Amino acid sequence: MVLEFQIASQGALVDLILRSRAFYLQVGQRGDRFLTTPGHPRLIIDAPNTGFEEVWDKLLLEHVTKYLRRRGMARSDAKVAAAD
């Protein structure tokens, strides 16, 4: 299975999945939240370390750096701020 995520709006979710090594997959409607649908059926999906974390860390750093640059931050400052 392949799930696609938008880094700009769902990057934090991807990061949490990679750090926790698992996630719930649940059918729902737009706007549903785990807290509002506690009785709905769901699967827990294992997300083992496949080496993608290193790629992800680089992608996320590049994305955040570009975002900070678009907001007017100097290149060197944006690199430092993104790494922090």
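Computed from the coordinates by the stated procedures, all read-outs in this text should not be read as laboratory data. On a predicted model such as this, the values are computed, not experimentally measured, just so you know. Cβ sites come from the backbone with ideal geometry, for glycine too, and all protein chains shown count toward neighbours.
Here are the numbers for the structure shown:
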{"quantity": "Euclidean distance of C-alpha centroids, the range 5-60 and the range 61-75, integer Å", "calculated": "25 Å"}
{"quantity": "Of the DSSP H helices in the chain, those whose Cα atoms cover at least 18 Å axially and whose Kyte score averages -0.5 or more", "calculated": "7-20"}
{"quantity": "Dipole of the chain, positive direction: furthest Cα of F34, F52, S76, with charges on the beta-carbon", "calculated": "S76"}
{"quantity": "The chain: calculated mean residue ellipticity at 222 nm from DSSP helix runs of at least 4, using -39500 (n - 2.57)", "calculated": "-16000 deg cm²/dmol"}
{"quantity": "GNM flexibility winner over the chain from A74, A22, A12 (Cα, springs under 10 Å)", "calculated": "A74"}
{"quantity": "Dipole in debye (nearest 20) - the chain, about Cα centre, beta carbon charges: Lys, Arg +1; Asp, Glu -1", "calculated": "340 debye"}
{"quantity": "Size of the range 7-83 as Cα extents on the principal axes (Å, biggest first)", "calculated": "49, 29, 13"}
{"quantity": "Local net charge near T65, Cβ-Cβ under 13 Å (Lys/Arg +1, Asp/Glu -1)", "calculated": "+3"}
{"quantity": "Surrounding net charge for E53, when Lys and Arg each add one and Asp and Glu each subtract one, Cβ distance under 14 Å", "calculated": "0"}
